[in-house]
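Reading through the structure tokens given below for one structure.
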Amino acid sequence: VQLQASGGGLVQPGGSLRLSCAASGTFSRIAIMGWYRQAPGKQRKLAASITIGGNTNYADARFIISRDNAKNTVGLQIDNLEPEDTGVYYCYAKVFNGIGYDDWWGQGTLVTVSS
């Protein structure tokens, strides 16, 4: 499984950003897709996740996660960005392997919020 993330960059405070991630490879289904973020010098933490059935989990009310099960893609919209949102955002997928589930990570995309 490969996860390719895109959409990071430099954004001014108060702006919006949309991250996208596409999963490719051989698999039957992806139970959960989501985004984790890692601020400089801090641990990686969940930003948002969405199940194959559409149930969502958010760390912040400014986040909106969406998913296309047919295309195996997940997106994250972040509004009213704050400098504290700066960090590397990692795409995540929990993939069914026939018996249980494996966790897969993308390479990360850098988001910098600064004026």
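The values are calculated or read from the model by the stated rules, or taken from the named source; none is laboratory data. Please read all numbers here as calculations on a predicted model, not as lab measurements. Note that we place each Cβ from the backbone using ideal geometry, even for glycine, and neighbour counts take in every protein chain shown. Ligands, DNA and RNA are excluded from the accessible area calculation, which covers all protein heavy atoms including side chains. Shrake-Rupley method; radii C 1.70, N 1.55, O 1.52, S 1.80 Å.
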Q: Give the residues of region 106-115 that are loosely packed, with under 11 Cβ neighbours inside 10 Å and at pLDDT below 95, sorted by residue number.
A: SER115
Q. Mind checking which residues of region 80-105 are assigned to a loop (DSSP other than H, G, I, E, B) and at pLDDT 95 or above?
A. ASN80, LEU81, GLU82, THR86
Q) For region 31-46, what are the residues that are open to solvent by 40 Å² or more (accessible area, probe 1.4 Å) and outside any loop (DSSP other than H, G, I, E, B)? A) ILE32, TYR36, ARG37, GLN38, ARG44, LYS45, LEU46
Q: Please work out which residue is most open to solvent (accessible area, probe 1.4 Å), limiting yourself to region 61-79 and to residues that are closer than 16 Å to VAL113 by Cα and in a loop (DSSP other than H, G, I, E, B).
A: ASP79
(Q) If I ask for residues that are in contact with a Cys (Cβ under 7 Å, 6 or more places away or on another chain) and within 19 Å of VAL11 (Cβ to Cβ), which ones from region 78-115 would you list? (A) CYS91
Q | Restricting region 1-21 to residues that are part of a strand (DSSP E or B) and open to solvent by less than 30 Å² (accessible area, probe 1.4 Å), the residue that is nearest to VAL95 (Cα to Cα) | A | LEU3
(Q) With in contact with a strand residue (DSSP E or B) (Cβ under 6 Å, 6 or more places away or on another chain) and open to solvent by 80 Å² or more (accessible area, probe 1.4 Å) as the only criterion, which of SER49, SER24, SER28 stands out? (A) SER28
